[in-house]
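One structure below.
Taken together, the values in this text are just the output of simple stated rules run on the coordinates, not laboratory data. Please read these numbers as outputs of a predicted model, since none were measured by experiment. So basically every Cβ, Gly included, is an ideal-geometry build from the backbone, and we count neighbours across all protein chains shown.
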Amino acid sequence: ETGVTQTPRHLVMGMTNKKSLKCEQHLGHNAMYWYKQSAKKPLELMFVYSLEERVENNSVPSRFSPECPNSSHLFLHLHTLQPEDSALYLCASSQSWGTHGANVLTFGAGSRLTVL
Amino acid sequence: RKEVEQDPGPFNVPEGATVAFNCTYSNSASQSFFWYRQDCRKEPKLLMSVYSSGNEDGRFTAQLNRASQYISLLIRDSKLSDSATYLCVVNILYEGGGSNYKLTFGKGTLLTVNP
């Protein structure tokens with residue numbers, strides 16, 4: 001496997017369910033990200049992990065919970081979501097986080113989430 | 001002023017046309033600029049970085065104007081396969097504090113090239 005892989009590609013869940021999105025990168029990168037993409041909105045950065053340490057992002061509701069067990073894997077745990085959380089969730093990685101210079105992102109194919 | 005603002009589009013052009021996309025950014029301290037391309041129902045992919053002196057990659061030319069905080073992308077001789085959403089991306093100082101920067105995306109401009 002190469003690049004960034006995400007599973008599942010599609011997920012339908014009820015508001016009371018608990019599910020998780022998984023991301024794996026095979027690029028040897030040190031930073032991993034979760035982005036949310038909703039219709040007619042720019043990509044929104046949700047969470048960043050740099051060298052397996054989380055960079056806080058206080059604007060994300062607590063019903064989204066990230067986990068980074070090692071530098072290659074990233075999870076997004078979902079619980080008691082709302083219909084407005086339906087979106088494409090994209091995982092990405094980059095060589096490093098937060099540097100002033102170029103920080104090219106490689107994205108996974110995304111997990112399309114529908115909350116009923 | 002929005003952090004990264006792009007032409008709203010959409011753009012519909014015939015094959016062979018030249019099309020230009022514009023983007024402005026709010027943070028004068030930004031140092032890194034990119035254009036990404038996103039095909040329908042796919043993930044964004046890096047199209048090209050934007051350098052101070054301007055840069056060209058085949059039919060694509062990117063320009064940066066730091067004084068006006070403005071970036072452009074020019075596509076010459078449009079192909080059907082150029083149909084996609086083009087995302088302007090800028091490294092913006094992260095509001096979480098310190099000197100970290102995060103890549104901030106514009107909403108994107110949809111291009112459709114027609115036969």
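Would you calculate the convex hull of the Cα atoms in the protein assembly as shown and tell me its volume per residue in Å³?
Value for the protein assembly as shown: 130 Å³ per residue.
Note down the magnitude of the dipole of chain B about its Cα centre, charges +1 on Lys and Arg C-beta and -1 on Asp and Glu C-beta and zero elsewhere, to the nearest 20 debye.
About 140 debye.
Quantify how strongly other chains surround peptide A:38-46 by giving the mean number of their Cβ atoms within 10 Å of each of its Cβ atoms.
Counting Cβ atoms of other protein chains within 10 Å of each residue's Cβ and averaging gives 4.
Search the structure for amide H atoms under 5 Å from the amide H of A:PHE47, placed 1.01 Å from N in the peptide plane, and list their residues when 5 or more places away or on another chain.
A:TRP34
Out of all DSSP beta bridges with both ends in the protein assembly as shown, state the antiparallel percent to the nearest 5.
Beta bridges within the protein assembly as shown, antiparallel portion: roughly 90 percent.
With only Lys, Arg, Asp and Glu charged, each at its Cβ (+1 for the first two, -1 for the last two), find how big the charge dipole of chain A is about the Cα centre; round to the nearest 20 debye.
I would put it at about 400 debye.
Counting only other chains, and only Cβ atoms inside 10 Å, what mean value do you get across the residues of B:42-52?
3
Which residue, chosen from A:LEU116, A:VAL60, A:LEU90, occupies the Cα position most advanced towards the positive end of the dipole of chain A, where the dipole is computed from +1 (Lys, Arg) and -1 (Asp, Glu) charges on Cβ about the Cα centre?
Going by the charge dipole, the pick is A:LEU116.
Quick one: Karplus J couplings for the stretch B:53-58, per residue in order, coefficients 6.51, -1.76, 1.60, θ = phi - 60°, nearest Hz, x for Gly and Pro?
7, x, 8, 10, 9, x
Using only atoms on other chains, find how many Cβ atoms lie within 10 Å of each Cβ of peptide B:26-39 and report the average.
Shielding by partners across B:26-39 averages 2.
Charges at C-beta only: +1 for Lys and Arg, -1 for Asp and Glu. How large is the resulting dipole of the protein assembly as shown about its Cα centre, in Debye rounded to 20?
Dipole magnitude for the protein assembly as shown comes out near 420 debye.
Calculate one ³J(HN,Hα) per residue across the stretch A:105-116 by plugging θ = phi - 60° into the Karplus curve 6.51 cos²θ - 1.76 cosθ + 1.60, and present them in order as whole Hz with x for glycine and proline.
With the stated coefficients, the stretch A:105-116 comes to 9, 10, 9, x, 6, x, 10, 8, 10, 10, 10, 8 Hz.
Here are some pairs, A:LYS19/B:LYS42; A:LYS36/B:LYS107; A:LYS36/B:LYS42; A:LYS40/B:LYS45; A:LYS36/B:LYS45; A:LYS19/B:LYS107; which of them have Cα atoms lying more than 24 Å apart in this structure?
Those over the limit are A:LYS19/B:LYS107.
Fewest to most neighbouring Cβ within 10 Å: what's the order for B:SER68, A:SER50, A:SER20?
B:SER68, A:SER20, A:SER50
Restricting to bridges with both residues inside chain A, how much of the DSSP beta-bridge set is antiparallel, in percent to the nearest 5?
The antiparallel fraction comes to roughly 90 percent.
Dividing the alpha-carbon radius of gyration of the stretch B:23-73 by 2.2 N^0.38 Å (N being the number of residues), what value is obtained?
Here the Cα radius of gyration is 1.20 times the empirical estimate.
What would the Debye equation give as log₁₀ I(q)/I(0) for chain B at q = 0.13, 0.14, 0.15 Å⁻¹, counting only Cα atoms as equal point scatterers?
For the requested q values the scattering log ratios are -0.47, -0.55, -0.62.
Can you tell me, using C-alpha contacts under 8 Å and at least 6 residues apart, the relative contact order of the stretch A:1-43 as a whole percent?
Relative contact order comes out at 41 percent.
What FRET efficiency comes out for A:THR2 versus A:LEU51 if R0 is 25 angstrom and r is the Cβ-Cβ distance? Round to the nearest 0.05.
The computed FRET efficiency comes out at 0.70.
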